[in-house]
Structures are given as structure tokens and as C-alpha cells.
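Asker: Encoded as C-alpha cells, here's the structure I'll be asking about.
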Amino acid sequence: MDTVNKQWQQQVVSWEYSSAATPDLNDVPIQPFPASLHEQGETRVIALDLSRELETPYLATAPNLLASYIRICANEKIATSIAATSEVYFVLRGAGRTKTAEGTINWKQGDAFTLPYNEGVTHYADEDSALYWSHDAPLLQYMGVTPSKPMFKPAFYSKEYMCDAVEKLREPALREKRNRIGIILGNHDSAKTKTMTHTMWSLFNLLPKGEVQKPHRHQSVALDLAVFSGPDTYTLIGQKVDENGDIIDPVKAMWATNTVFVTPPGWWHSHHNESDQDAFVFPVQDAGLHTYMRTLDIQFIR
Ligand SMILES: [Fe+2]
């Protein structure tokens, strides 16, 4: 046999099907990231990094996504550049603007915006500011590829647009006991999948005071930003539900304003607000990709 054949054969390994069909990968952990990470110190990007848990050689919060806090002190700026197809921003605090090749977008607390693949942008803060920044760079790093072109036009979702839209849903959603009271944020360029970008997805969801939103589950991961929360507001997360639709042995992830927690893919989760203040959550998911692949498999307890 010639040398090349011998060399390539050294690369071969195989496994017995029944014992190897579900390889033992580390679970995505249920991980909180407190607001203290972005409330102090110098202007910088703070990666919400779980690469050690996920055993990836690159920063990642979940297999396909990396979330970060960007802290920008008053009257300072910071440049960001990432090889991603989609970037999702939510303004946690402050006001400022982001200079992009497509123009300069002004933002303030509660606004959100998306960027397609770009050569880099610069964020300027007029006052002490923080951004929640998520993108799909880990997916591209896993595949060993770099983006070649923008796949959608950037979009800006003002706080007023999102709050007004959700407020209109409050009464009918409560009356009909819907699973969530929210709007899925979209872009005309990803209207087919009804997602924020072709790979990423987000919901602006109201959890009214005293309300429970029953469990659901999906194959996408959720990097959940608690936009606003009073006390005693939380998500229960678990792998199974009982015959009454209650989550068995749940983990309790507390909500706190401007904090993030991870809901692993495939796990059931219900939202609970035992306080006297309305709460809002902004989950960021790889659900654009899952919807396209027909693998989202969202299921509800009604
Ligand atoms: Fe969910």
C-alpha cells in the first residue's frame, strides 16, 4: 500500500453504534452572570465565558453563541470586531451611539439593535453605559470559517417600539392564558424563519406581577437577559415535567435587573413573578439556525 493510504488510515477510528450514538458531551450549564460584572471598572468587554465547561478552545457561552457585557465609562469609547454572521445588542444602561459602516446608530437604555457581518464598529458612551452583546462567532469558529458577506440589513428596535407592542398584548394574552406575553423581534431579511437574524432569535417578553408563565422547552439555548425585575421573580429550569405539567426537581434561576442566566437546550422552563412589579426578559437564542434546520422542537405545557 502506498504511503498516503497508510497515513490516511492512521486517522481512522470507529465506534460500535449502540454505545456511541449519544456521545458524552458536557451539558450547557445553568449559569448566572451578575450585574456587578459590568457595573464597575474600566471600559472593556466582559465575556460571559463558559468555554472551560463546554471544552471549546474559543470563548463561548453556548456551543453556537457568545454573550458579553460591554462596559463603557462616560465619554469613553470602545471598538469591537468579531467574525460573526449576526450580532445582537441590548442597551442595559446609559446612552450613546455606535459608529458602523452603515451609519451611526444612537441608543439609550432599553433599545436593541442588530448588525450583520462587518469589519468592526466603535461604541461611544455619553454617560456611564453598558451593552449586552451576543453573536454567533463560536458557531463559525467550530466550523473553521469566516463570514464573506452580510446576510441581512441592520435593524434598530427602540424601547418604545418594544414596550408599546408588548403592552398591547397584555390583556389578550392574560385573557387567553398564553404561554408568553411577548413579541418575537424580526427583520425583513429573515421573515421566512420569523427570527431576528438568519441564525439568531430574540423575544421581548413581559412577565406581569403575580403571574406564572407555564413551562415550555426548545432545542435552542437561551441566554436570558433580565431587562427589569423586582424581587421574588425567577425561572424554574429542569429536564422533565410531571403529569401535571410541573417541572421535576427544578433549578431556580433568580431574575435581577441587567443580569443574564443560561437556559440549556432542551430543558423545560417556566417564569414566576411573585413580586408587585412587572418584569421583562430578553432571551437571545440560536433559534434562527434551529428553525431553518427544522430542529427547534418547541413544546408547551398549556
Ligand atoms: Fe424559552
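The values are calculated or read from the model by the stated rules, or taken from the named source; none is laboratory data. It should be emphasised that the depicted structure is a prediction, and the values quoted were computed from it without experimental measurement. Please note: Cβ atoms are built from the backbone with ideal geometry, for glycine as well, and neighbour counts cover all protein chains shown.
Asker: Can you find a residue in the range 248-265 that is touching a strand residue (DSSP E or B) at 6+ places or on another chain (Cβ under 7 Å), among the hydroxyl-bearing types (Ser, Thr, Tyr) and either over 17 Å from Gly182 (Cβ atoms) or not assigned by TED's automatic domain parsing to the domain that holds Gly186 (or both)? Step through it out loud before you land on a result.
Answerer: We begin by selecting, within the range 248-265, every residue touching a strand residue (DSSP E or B) at 6+ places or on another chain (Cβ under 7 Å); these are 248-263.
Adding the requirement that they be among the hydroxyl-bearing types (Ser, Thr, Tyr) leaves 257, 259, 263.
Within this subset, residues satisfying the condition of being either over 17 Å from Gly182 (Cβ atoms) or not assigned by TED's automatic domain parsing to the domain that holds Gly186 (or both) are 257, 259.
The answer is yes, given that some residue of the range 248-265 is touching a strand residue (DSSP E or B) at 6+ places or on another chain (Cβ under 7 Å), among the hydroxyl-bearing types (Ser, Thr, Tyr) and either over 17 Å from Gly182 (Cβ atoms) or not assigned by TED's automatic domain parsing to the domain that holds Gly186 (or both).
Asker: For Thr263, only one of the following conditions fails: (1) hydroxyl-bearing (Ser, Thr, Tyr); (2) more than 13 Å from the ligand (Cβ to nearest atom); (3) surrounded by 15 or more Cβ atoms within 10 Å (Cβ to Cβ); (4) under 30 Å from Leu140 (Cβ atoms). What is its number?
Answerer: (2)
Asker: Scan the range 184-207 for residues that are more than 21 Å from Ala67 (Cα to Cα) and within 16 Å of the ligand (Cβ to nearest atom) and jot them down.
Answerer: Here is the first cut: in the range 184-207, the ones more than 21 Å from Ala67 (Cα to Cα) are 188-194, 206-207.
Residues satisfying the conditions are Lys194, Leu206, Leu207.
Asker: Out of Glu53, Glu87, I need the residue that is part of a strand (DSSP E or B) and charged (D, E, K, R). Which one?
Answerer: Details: Glu53 fails: part of a strand (DSSP E or B).
One residue alone meets the criteria, Glu87.
Asker: Just give me the residues in the range 143-162 being loosely packed, with under 15 Cβ neighbours inside 10 Å, of a type outside the set (S, T, N, Q) and outside any strand (DSSP E or B), in sequence order.
Answerer: Matches in the range 143-162: Met143, Gly144, Val145, Lys149, Lys153, Glu160.
Asker: Also, quick follow-up: So which of Arg302, Arg294 is loosely packed, with under 15 Cβ neighbours inside 10 Å, touching a residue at least 12 places away in the same chain (Cβ under 8 Å) and among the basic types (Lys, Arg)? If you could, list the steps in order and put the result at the bottom.
Answerer: Numbers: Arg294 fails: touching a residue at least 12 places away in the same chain (Cβ under 8 Å).
After ruling out the rest, the residue left standing is Arg302.
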